[in-house]
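Here is the structure we will look at.
The values are calculated or read from the model by the stated rules, or taken from the named source; none is laboratory data. Note that the structure is a prediction, hence the values are computed from the model and not measured. Cβ atoms come from the backbone with ideal geometry, glycine included; neighbour counts cover every protein chain shown.
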Number of protein chains: 4
Amino acid sequence: MIKVSVIGATGYTGQELIRMLTQHPAVEVVGLGSQSYAGKKYVDIYPHFRQIVDLTCRDTNDPELIEQADVIFLALPHGLSVPYAKKCLARDKMVIDLGADFRLKSPKVYSTWYNKTGPTGELLSQAVYGLPEINRDLVKKTKLVANPGCYPTTAILALYPLLKEKLLEPGSIIIDSKSGVSGAGRSAQVGSLFSEVNEDFKAYGLPHHRHVPEIEQELTEAAGEEIKVSFTPHLVPLTRGMMSTIYTVPHTFEADKIKAVYQDYYGQEPFIRLYPQGQYPHTKWVQGTNFCDLGFSLDQRTGRMVIISVIDNLTKGASGQAIQNMNLMCGLEETMGLPRVALYP
Amino acid sequence: MIKVSVIGATGYTGQELIRMLTQHPAVEVVGLGSQSYAGKKYVDIYPHFRQIVDLTCRDTNDPELIEQADVIFLALPHGLSVPYAKKCLARDKMVIDLGADFRLKSPKVYSTWYNKTGPTGELLSQAVYGLPEINRDLVKKTKLVANPGCYPTTAILALYPLLKEKLLEPGSIIIDSKSGVSGAGRSAQVGSLFSEVNEDFKAYGLPHHRHVPEIEQELTEAAGEEIKVSFTPHLVPLTRGMMSTIYTVPHTFEADKIKAVYQDYYGQEPFIRLYPQGQYPHTKWVQGTNFCDLGFSLDQRTGRMVIISVIDNLTKGASGQAIQNMNLMCGLEETMGLPRVALYP
Amino acid sequence: MIKVSVIGATGYTGQELIRMLTQHPAVEVVGLGSQSYAGKKYVDIYPHFRQIVDLTCRDTNDPELIEQADVIFLALPHGLSVPYAKKCLARDKMVIDLGADFRLKSPKVYSTWYNKTGPTGELLSQAVYGLPEINRDLVKKTKLVANPGCYPTTAILALYPLLKEKLLEPGSIIIDSKSGVSGAGRSAQVGSLFSEVNEDFKAYGLPHHRHVPEIEQELTEAAGEEIKVSFTPHLVPLTRGMMSTIYTVPHTFEADKIKAVYQDYYGQEPFIRLYPQGQYPHTKWVQGTNFCDLGFSLDQRTGRMVIISVIDNLTKGASGQAIQNMNLMCGLEETMGLPRVALYP
Amino acid sequence: MIKVSVIGATGYTGQELIRMLTQHPAVEVVGLGSQSYAGKKYVDIYPHFRQIVDLTCRDTNDPELIEQADVIFLALPHGLSVPYAKKCLARDKMVIDLGADFRLKSPKVYSTWYNKTGPTGELLSQAVYGLPEINRDLVKKTKLVANPGCYPTTAILALYPLLKEKLLEPGSIIIDSKSGVSGAGRSAQVGSLFSEVNEDFKAYGLPHHRHVPEIEQELTEAAGEEIKVSFTPHLVPLTRGMMSTIYTVPHTFEADKIKAVYQDYYGQEPFIRLYPQGQYPHTKWVQGTNFCDLGFSLDQRTGRMVIISVIDNLTKGASGQAIQNMNLMCGLEETMGLPRVALYP
């Protein structure tokens, strides 16, 4: 059994990790770290784990969290991961960071968008951007994974093959994204109250949301030339689910050609599903699963194509993808312990 | 008192008309026509009108519906309005059609997008596209108003001043829209069931939704040159509310210049509110009101601007706008009987 | 024009007062007091009041709030109203307290259930329990109204006529209540987050919720003998709306007799609607209105009757009722400025 | 591998069966029968099964559905199961009926509450009421299980031990129940539309809902004397989840005594969780799982106790319980393939 600790276990991504790890056939959860709930039983924070999880939260700096584990998940607010990652690596443990700290390869870009200094040098260069569909081989060999953001996962998976194949006009990409409320986490804020969010729909964070440099970094890498994107996130009154509606100018309007490229890149992927033309995935079709579902529409009339990309923001958009990375790092079957059947309706 | 009939009174737009008309100080509702509920008391269909509406639904072809009224609202499924409109006009009554039949000035465009023959000739040419902020004077003089669609209302109001002032790249317009579920009406369909829609988010109707030609007709008119738009509607799990997130390439990135244009066109408008840069309206801020709220963001980095336009799809997107038109046609104060204070939270 | 201040204007009941007061034909809002937002423009807290309210919040202790007003609404957390009420009365102003501090006539009962000392003596004895359907004449004559709680409003209105007429077994009353989330107010708490409340249903506060003594006080008064009730509140994932399902043992199973009693007490009430047997009101039928809707079912098989009582918790359950009291205190038409048409759907 | 067919596979309980059966390690789904969708691929009805289920629906009368299977689930509207059950039993197959037809042991009671003739004689007497916690041994030995209704599951599990131990006043039981909307099934009805149900709460079906005789039959059996209950179901605006709030008069107010009885009966049950006094289960804590969670509160002041009983109406309330029964009938581990970790938040 692989021994696992989660540092930052009481937020929603931490909780989502526990949901899947407790059902993972090759994993034993040995430690839960929490800044706010140290000393409290996990089941008192999340009573739905009654008779399932019997652990007590420990201080995030408790060295046993790292000592006892083979793999450590960091599910912390942005900017806090570096010291934990260092300690883990120093003891030759595997680390998967669900925060943003190791995602950007350029310390300068990081400090521009996050207004603080991030990791640099050798530490940063060890980090692999953990999108298995693109960096599978690198993930298998690293001890430090920077788990992608939720919005970037939808956008990069949708665009990567087409950019790689030079099928898109590089300056034409617009990403209109919609997220469920769980993406805002479990912190008590007026803007996340039921009475505020329910029966409401809003845009936020435009035009300079922090996921922009992450998306651009990966798309630029794919295209082999600089890519800049317009990105607008919105908040949808639902708990789980994320969609990106992506507008771009393609170099071809032959649907079969587009389809063939997707098929070529993703036909064997266990967690990507391609839809036939005219069918567009709903967020509910991936609820609770690790899938990224993709559909597209070509509109010769306007010269654009639209790509619809959906995930569960907590699963493929965070904790499911983190476990997918863990499976790869540990040499397990990539799909092990990861849900494929949505909770519906 | 102005006497009013509603033909098609039992759908959601019909019901929304009744909500406001019963509180309108210069109106008396005299007739309710329904295809499905003729002979049934209105309060048995919508019990929240208990002690408020005491009328019984009549067959939509009951001539008294027209005879007894000064103004007739048609809230019928698309394709059914022409004979009713003809009868009304023949008796010199005022007609406001909430359906699509009189919105498109070109019968050819109508038949292309609706797969049927629409009105033509003199009848069609009487119809004024009832967006008061643009066609106020024409509305005042006509007996036949084609009440705009909900999506077109958000898009046209957002873009009209900028296109009129030649501030936008004509081929650059992308409209990513999101609608509450009440827009699908009250017909019993699996796709509108609570268990299907709740906790779901989906795109639909792309790339050729029927509101495209309506939007393009009015934007082309404003720009003085042909405008084609990309348009993607989505369904949001909330009852009332609509947002369009509009992407376009502006010729200026001076916010004050954009703001001045909006101010110039809309500064005196009773139902348009402009937000300061950096604030973007939420759908809930207009819930139950006749407002269209507008905000915008300029992003020189990508060369684009984003406009956020929100309405309540049943009010400014349908029945509120219809009453605004009625007020104009009847020489009443334009704002009379129209809600301005949102139901919040 | 009656000049009105709201002290505690930024919570949901404060906001709901402003919603209605700004549309009230005989009222001018002159002052808004806020503990947390003093110095901030109201429209920056609640942007849906853009172009409607132009006031800036003042410190709740600003004497002008009282000085400039004829009527002062106190919408404060429990336990804070007494000093404000005293100051108002000292200047001969009318006060309507939406909190609990003046509702219980026995200081001992108050201190038992609220764990603090409440008002006493002459101050307390001035307070009228502001349920107009029962205490209309007293409300008209007082300067200090204790506005009822939301749950008590549903329960007392449902049971008062039947207890008064000795039609119920006194020890048989069970009140199973369900409330929308806005009842928890706008304070940032994990338990009120969208992701926690959405798709959840829970009971809370049993068996000793603080509304019990208020309900029992009024029912005991009505019955002329001591009434004790079982009361279980639940949280429903909706914003506005409250239902009490009340179980009791009646002395008659003749529906007409029950109906006649209700008709006798409430037939002329502008804000109570009685439903025919077999029809039970939905919360949505009163959304945004000041109605209390009542339906009942007799079940001779089990020897019990069920009464269904619904209100909008923010309107008839708080701010609407407060304005109804204000109208009475000021000699205005009781229904003035109070919504009767629900926002539907 | 056990071969399984589902007749009535396209309703929500059918779909919920498929969700769990496709993940069940000892089951192969061989046949899907549908009245409305015969000939259609299952994935075209429920696209979330893309790459998971590749079957095509067959006519419900296709004999292969029975022929090829070891176990047949009937998930049909009430009144249709008898002929299918007969055919299955004639071929010595195991049948689990999720409808109501075999639940009532008295044909007379059945015809009174369902207004039709149900099964009788030898056929009916073979049927075991499939509540494993009570009838485990009988379920193991039968070929025909009548799977309990959702409301009865909550009520019977909550009350059975206390009635069996003669701890309750027999005439005192009131069951106030609340259900998510998925319980109404997937049929297209106005009353189940999102816009009708969302932001609404209603009672329905009182006082004579069809689950009453089922509850009374089992409680009478437990008590050894006739039990009549008051039962009021309500509709909650959420998809999955059911709570019963049960009021009764206990013979003891010693919490430990009550707790000990529950512990004694359910301490070893894999799908029942007991909560400590003062904690009451939420519906979300069992979302997607096969748990029934129980909490209780004693109130000596009023002489009553309140029991809170929650399930996921589609899982323990229907399809999960059906699979639990299948496991028992087939000699498998009772918990096999049944989810215990809720999808949260």
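Below are the figures for this structure:
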{"item": "Entirely in region B:77-182, the strands (runs of 3 or more DSSP E) that have 1 or more residues that are under 30 Å from A:L235 (Cβ atoms) and in contact with a Leu (Cβ under 9 Å, 6 or more places away or on another chain)", "result": "B:174-179"}
{"item": "Test: A:L294 is within 14 Å of chain B (Cβ to nearest Cβ) and in contact with a Leu (Cβ under 6 Å, 6 or more places away or on another chain)", "result": "yes"}
{"item": "Members of region C:198-226 that are surrounded by fewer than 17 Cβ atoms within 10 Å (Cβ to Cβ), within 11 Å of another protein chain (Cβ to nearest Cβ) and over 30 Å from D:R240 (Cβ atoms)", "result": "C:H208"}
{"item": "Filter result for C:S179 (buried (at least 24 other Cβ atoms within 10 Å of the Cβ), in contact with a His (Cβ under 9 Å, 6 or more places away or on another chain) and small (G, A, S))", "result": "yes"}
{"item": "Meets criteria (buried (at least 21 other Cβ atoms within 10 Å of the Cβ) and either within 12 Å of chain C (Cβ to nearest Cβ) or among the hydroxyl-bearing types (S, T, Y) (or both)) for D:T302", "result": "no"}
{"item": "Single unsatisfied condition, A:V341 versus (1) touching a helix residue (DSSP H, G or I) at 6+ places or on another chain (Cβ under 7 Å); (2) surrounded by 24 or more Cβ atoms within 10 Å (Cβ to Cβ); (3) β-branched (V, I, T)", "result": "(2)"}
{"item": "Selected residue (only one of D:Y280, D:Y275 is surrounded by 24 or more Cβ atoms within 10 Å (Cβ to Cβ), under 26 Å from C:V236 (Cα atoms) and among the hydroxyl-bearing types (S, T, Y))", "result": "D:Y280"}
{"item": "So C:I7, is it within 12 Å of chain B (Cβ to nearest Cβ) and touching a strand residue (DSSP E or B) at 6+ places or on another chain (Cβ under 8 Å)", "result": "no"}
{"item": "Those residues of region D:258-288 which are out of contact with any strand residue (DSSP E or B) (no Cβ under 9 Å at 6 or more places or on another chain) and on the phi < 0 side of the Ramachandran plot, in sequence order", "result": "D:A260, D:V261, D:D264, D:Q268, D:P270, D:Q287"}
{"item": "Selected residue [in contact (Cβ under 8 Å) with a residue 40 or more places away in the chain and either in contact with a Cys (Cβ under 8 Å, 6 or more places away or on another chain) or surrounded by 24 or more Cβ atoms within 10 Å (Cβ to Cβ) (or both)] from B:S244, B:S172, B:S195", "result": "B:S244"}
{"item": "Qualifying residue in region A:250-263 (condition: closer than 30 Å to C:S187 by Cα and either within 10 Å of another protein chain (Cβ to nearest Cβ) or of a type in the set (S, T, Y) (or both))", "result": "no"}
{"item": "Residues (more than 14 Å from chain B (Cβ to nearest Cβ), more than 21 Å from the chain's Cα centre (by Cα) and within 16 Å of C:F194 (Cα to Cα)) located in region A:161-197", "result": "A:A188, A:Q189"}
{"item": "All positions within region C:320-344 that are in contact with a strand residue (DSSP E or B) (Cβ under 8 Å, 6 or more places away or on another chain) and not hydrophobic (A, V, I, L, M, F, W, C)", "result": "C:N325, C:G337"}
{"item": "Members of region A:20-40 that are outside any strand (DSSP E or B), closer than 22 Å to A:N327 by Cβ and in contact with a helix residue (DSSP H, G or I) (Cβ under 8 Å, 6 or more places away or on another chain)", "result": "A:M20, A:L21, A:T22, A:H24"}
{"item": "Extreme residue, surrounded by the fewest Cβ atoms within 10 Å (Cβ to Cβ), among residues of region A:308-323 that are in a strand (DSSP E or B) and more than 10 Å from chain B (Cβ to nearest Cβ)", "result": "A:S309"}
{"item": "Those residues of region C:145-160 which are over 15 Å from the mean Cα position of the chain (by Cα) and either among the polar types (S, T, N, Q) or surrounded by 23 or more Cβ atoms within 10 Å (Cβ to Cβ) (or both), in sequence order", "result": "C:L159"}
{"item": "When residues of region B:42-74 are limited to those that are among the aliphatic types (A, V, I, L, M) and more than 24 Å from C:Q287 (Cα to Cα), the one nearest to the chain's Cα centre (by Cα)", "result": "B:L74"}
{"item": "Output for region B:41-67, where each listed residue is more than 9 Å from chain C (Cβ to nearest Cβ), in a helix (DSSP H, G or I), buried (at least 17 other Cβ atoms within 10 Å of the Cβ) and without any contact (Cβ under 8 Å) to a residue 40 or more places away in the chain", "result": "B:Y42, B:I45"}
{"item": "Verdict on A:E122 being more than 23 Å from A:I311 (Cβ to Cβ), touching a helix residue (DSSP H, G or I) at 6+ places or on another chain (Cβ under 9 Å) and among the acidic types (D, E)", "result": "no"}
{"item": "Condition met for A:K143 (touching a residue at least 60 places away in the same chain (Cβ under 8 Å), in contact with a strand residue (DSSP E or B) (Cβ under 9 Å, 6 or more places away or on another chain) and more than 30 Å from A:I308 (Cα to Cα))", "result": "yes"}
{"item": "Candidates D:A9, D:A38 - the one that is in contact (Cβ under 8 Å) with a residue 60 or more places away in the chain and of a type in the set (A, V, I, L, M, F, W, C)", "result": "D:A9"}
{"item": "Those residues of region D:49-104 which are under 13 Å from D:G33 (Cβ atoms) and among the acidic types (D, E), in sequence order", "result": "D:D59, D:D62, D:E64, D:E67"}
{"item": "Filtered residues of region C:129-140 (kept if in contact (Cβ under 8 Å) with a residue 12 or more places away in the chain and either touching a Phe, Trp or Tyr at 6+ places or on another chain (Cβ under 9 Å) or of a type in the set (A, V, I, L, M, F, W, C) (or both))", "result": "C:Y129, C:L131, C:P132, C:E133, C:I134, C:V139"}
{"item": "One residue from D:M336, D:M326 being more than 14 Å from chain C (Cβ to nearest Cβ), touching a residue at least 60 places away in the same chain (Cβ under 8 Å) and assigned to a loop (DSSP other than H, G, I, E, B)", "result": "D:M336"}
{"item": "Close pairs from region B:219-240: first of a type in the set (G, A, S), partner assigned to a loop (DSSP other than H, G, I, E, B), Cβ under 6 Å, at least 6 apart", "result": "B:S230/A:T302"}
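Quick grid of which residues meet (1) at pLDDT 95 or above; (2) charged (D, E, K, R); (3) closer than 30 Å to C:L219 by Cβ:
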residue: C:A38; (1), (2), (3): yes, no, no
residue: C:F49; (1), (2), (3): yes, no, no
residue: C:E67; (1), (2), (3): yes, yes, no
residue: C:Y84; (1), (2), (3): yes, no, yes
residue: C:K116; (1), (2), (3): no, yes, yes
